[in-house]
Amino acid sequence: MATEVRVPTLGESVTEATIATWFKKPGDTVAVDEMLCELETDKVTVEVPSPVAGVLSEIVAAEGETVGVDALLAQISEGAAEAPAKPAPKAAAPAKGGKTTDVMVPTLGESVSEATVSTWFKKVGDTVAQDEMLCELETDKVSVEVPSPAAGVIVEILAPEGTTVAASARLAVLSSDGAAVTAPAATEAPKAAAASGKNVEDAPSAKKLMAENNLGRDDVTATGRDGRVMKDDVQKALAAGTKAATAPAPLAAAPRGPVSADDASREERVKMTRLRQTIARRLKDSQNTAAMLTTYNEVDMTAVMELRDEYKDLFLKKHGVKLGFMSFFTKACVHALKEVPEVNAEIDGTDVVYKNYVHMGIAAGTPTGLVVPVVRNADQMGFAQIEKAIAVLGARARDGKLSMADMQGGSFTISNGGVYGSLMSSPILNPPQSGILGMHKIQDRPMAINGQVVIRPMMYLALSYDHRVVDGKGAVTFLVRVKEALEDPRRLLMDL
């Protein structure tokens, strides 16, 4: 019996893809969910898993071919040997009759195809309980803890610390009867060496695009399996203005100046985490791509503080959450975005995409770096709903539990540097968004009110915006509307 392998759903508005790489050839035995090939669309790369176990009998669409959704890719003959393509080594097998369980890479999130093993909490021979944390993976955006799928003993670690693993890779092997045979650590080094020495074939479309634009492989940051350069990687390099021999790599910096031997002995060099590298790359890309400008204003926080003090106890009693300043700022921004929709828009090629919703990003600093969880449909929420959503996302951020879904799709961002004591700053856009509001420290200052000098709690506000889509008039109007709503919160109730 033959089973057809077809092109999966590629995403909204994506109708075709290019076959980038076949990982198997006709005659190879494949296991269920083992990766067969990688497809490349205009936006993402998609791995195609095997729907059944069997033998790959025919490849219908060769590398480099362009195929539509649901097109036939290959045929698999069932009933042949169904052993996994990468069986556990005999040295790691438990005693006869023992049961083994594979520890797999969990779902990493939309568009995330690989992760780096950052820390193993257990070692070979350790006894573990079900759901006990075994290791931690690090992706471009979040850290993911991997729990034990069963109770038992670790008999083999297949991916040591520092290894980059695919979304469907095996991490370790457990023995449920406790009869572990120590897995020789020496076997891991040859595997890593073999992987690093593998002859990697870049995607055909990527090679063509690099040749057309005089780009070398070193000018592009590869994100495909085993370090393959994909078409999307080349397009990102071109968008950032990276040219061969004329611009540095995305994270390249100027050479360090001379350092004395005494100073060098007191320095510590630590490799940047994937999260920190991604933060650095995205922020620099934002500066290189957007025509970024910042406009400033100040807001008298008297009315908001009085309203909060008057109702905070009743609010907590009824809603079970504290009334903070973020809900006021979120509501004020939603109000202003309705009047100035271009601040809530983004550029896509030669189009401007206007969002008829507000997914509010709330920037948060964590021990591992800056993250921006998103409060979805904030324009449809009341104060209590916003405060609850921020509290939940804030707790996940502090605990490193944010998922990819928690940080995707934001249309505008608020960053509160005031919690750290910042009096004034110019926030950097969170691409592809066109606006970000910077909040700052509330500080008592003398103000001239009706001809009298009085002390008022004042806060500086900063709006950074993409001048390609937002004009100065729109940016200033937005910030003035936020100021007006905060200085007289009744305007929010009256939609003024």
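Just so you know, all these numbers are worked out from the coordinates, no wet-lab data involved. The shown structure was predicted, so the numbers you read here are calculated from the model rather than taken from an experiment. Using ideal geometry, Cβ is built from the backbone for each residue, glycine included, and neighbour counts are taken over all protein chains shown.
Taking 0.36 nm per intervening residue step and subtracting the Cα-Cα distance, what contour gain separates Lys318 from Gln443 on full extension?
Length gained, Lys318 through Gln443: 41.9 nm.
Scan around Met104 for amide H atoms under 5 Å from its own, H built in the peptide plane at 1.01 Å from N, and keep only partners 5 or more places away or cross-chain.
Result for Met104 returns Leu171.
Please sort 155-162, 440-447 by packing, taking for each peptide the average over its residues of neighbouring beta carbons within 10 angstrom, highest first. Before the final figure, lay out each step's value.
Values: 155-162: 19.6, 440-447: 14.9.
Going by the mean number of other Cβ atoms within 10 Å, highest first, we get 155-162, 440-447.
Answer rounded, prolate or oblate for the range 335-469, using the Cα gyration tensor with square roots of eigenvalues a ≥ b ≥ c: rounded when a/c is under 1.5, else prolate when a/b is larger than b/c, else oblate.
It is oblate, given that a/c is not under 1.5 and a/b is not larger than b/c.
Taking 0.36 nm per intervening residue step and subtracting the Cα-Cα distance, what contour gain separates Ser260 from Met1 on full extension?
On the way: separation 259, 0.36 × 259 = 93.24 nm, distance 7.10 nm.
That works out to 86.1 nm of additional length.
Please compute the modelled spin-label separation between Thr15 and Val60, points set 7 Å along Cα→Cβ, answer in nm with one decimal.
Once both label points are built, they end up 2.0 nm from each other.
Apply 1/(1 + (r/R0)^6) to the Cβ-Cβ distance of Lys401 and Met104, taking R0 = 25 Å, and write down the FRET efficiency to the nearest 0.05.
0.80
From the P(r) of the range 104-175, can you give the percent of Cα pairs sitting at distances over 13 Å?
Across the range 104-175, Cα pairs with separations above 13 Å total 60 percent.
Could I get the Rg over Rh figure for the range 2-77? Both from C-alpha atoms, Rh via Kirkwood, rounded to two places.
Numbers: Rg = 11.5 Å, Rh = 12.2 Å.
Value, to two decimals: 0.95.
Counting other C-beta atoms within 10 Å, which of Lys473, Lys322 has the fewest, and how do the rest follow? Present the calculation step by step, with values, prior to reporting the outcome.
Details: Lys473 9, Lys322 13.
By the 10 Å Cβ count, ascending, the order reads Lys473, Lys322.
For the range 337-346, take each phi angle, set θ = phi - 60°, evaluate the Karplus expression 6.51 cos²θ - 1.76 cosθ + 1.60, and give the result in whole Hz per residue in order, putting x for glycine and proline.
So the J values, rounded to whole Hz, are 5, 5, 7, 10, x, 5, 5, 9, 9, 8.
When a footprinting reagent is the concern and you count Cβ atoms within 10 Å, what order do Glu58, Glu267 take, fewest first?
Ordered by Cβ neighbours within 10 Å, fewest first: Glu267, Glu58.
Using the Kirkwood radius built from alpha carbon pairs, what does the Stokes-Einstein equation give as D for the range 287-342 at 10 °C and 1.306 mPa s, in µm² per second?
Stokes-Einstein gives a translational diffusion coefficient of 113 µm²/s.
Report relative contact order for the range 277-494 in percent, whole number only (criteria: Cα-Cα under 8 Å, sequence separation at least 6). All intermediate terms of the calculation are to be shown ahead of the outcome.
Details: 409 pairs, mean separation 67.3, N = 218.
Once normalised by length, the contact order is 31 percent.
Do the alpha carbons of any pairs in Lys338/Lys388; Lys388/Lys473; Lys236/Lys331; Lys318/Lys401; Lys331/Lys473; Lys122/Lys236 sit beyond 32 Å of each other, and which pairs?
Lys388/Lys473; Lys236/Lys331; Lys122/Lys236
Which distance in nm do the two modelled labels at Val270 and Leu72 give, with both placed 7 Å along the Cα-to-Cβ direction?
Result: 5.6 nm between the two label points.
What is the calculated FRET efficiency for Leu293 to Gln380, with r their C-beta to C-beta distance and R₀ = 25 Å, to the nearest 0.05?
Values: r = 30 Å, r/R0 = 1.21.
FRET efficiency, Leu293 to Gln380: 0.25.
As an exercise, use a Förster radius of 25 Å and the Cβ-Cβ distance of Asp33 and Asp351 to find the FRET efficiency, rounded to the nearest 0.05.
Efficiency computed from Cβ-Cβ geometry: 0.10.
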